[in-house]
Amino acid sequence: MRKTFALTELIIAIMMIASIIAMSFSVYLFFSKQIMINRERYNMLSQINYAFEDMAIRTKSAVRIDSLSAFSLATNAISDTKTQLKFFGEKDIYKITPDEPADNAWYEYRIEGGNLILETLDAAGKSKTPEREILTLVDAKYQPIVTFTWYEGYEPNFVTVNIATKGTIKPQVEVSRTQGLRFWFIDVKK
């Protein structure tokens, strides 16, 4: 009876252990990358959902829309698309007072510095502080793109909004969501 390993048996054992370790490491790398991609996808979708919630709440109290944000159809066009939306509405979105414009504010959704932002100005169109009141809705690292579209045949106060983002991890994941917004007190189309 032998009590030692032959050199070939030892080499085979080392190769099998090395291959098991290599497979385990590659599986670990694969799943850790998937976790990072899914976490980033979740972050992008959370920011998009936050932006839509903010828009839905503020547009319900809109009194009028800025002339540059008004939708109109060009000849033979079936839709009009804007990349920013500015409207006048209630500053306190939970206390709607249509007959008191002094307590209103201007809201503008647009891309600035790569971020999807909401800028809020007082009723006179000025910021109350030396700096503008800006809320970042979607981070620039996700390269957000926003479009506001009105289609022929839609109700005049209904706008379709699309927000699209791209991930930072290769392979890049793209997340996009489209939702309709209704302006309750105004006609968006002029």
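Table for the structure above
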read-out	value
Contacts under 7 angstrom Cβ, first residue in the range 156-179 being in contact (Cβ under 8 Å) with a residue 24 or more places away in the chain and over 26 Å from K86 (Cβ atoms), partner loosely packed, with under 14 Cβ neighbours inside 10 Å and among the aliphatic types (A, V, I, L, M), 6 or more apart	I169/M36
Unmet criterion (only one of (1) closer than 22 Å to T149 by Cβ; (2) surrounded by 19 or more Cβ atoms within 10 Å (Cβ to Cβ)) for A105	(1)
Filter pass, K141 being outside any strand (DSSP E or B) and either touching a helix residue (DSSP H, G or I) at 6+ places or on another chain (Cβ under 6 Å) or at pLDDT below 95 (or both)	no
A124 farther than 23 Å from E155 by Cβ, modelled with pLDDT under 80 and not charged (D, E, K, R)	yes
Enumeration of residues in the range 87-121 that are assigned to a loop (DSSP other than H, G, I, E, B) and either in contact with a Gly (Cβ under 6 Å, 6 or more places away or on another chain) or under 30 Å from K166 (Cβ atoms) (or both)	G113, G114
Given (1) aliphatic (A, V, I, L, M); (2) in a helix (DSSP H, G or I); (3) crowded, with 16+ Cβ neighbours inside 10 Å, number of the condition I12 does not satisfy	(3)
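The values are calculated or read from the model by the stated rules, or taken from the named source; none is laboratory data. Worth saying up front: this structure is predicted, and the values here are computed from it rather than measured. When we count neighbours, we look across all protein chains shown, and the Cβ atoms used for this are built from the backbone with ideal geometry, even at glycine.
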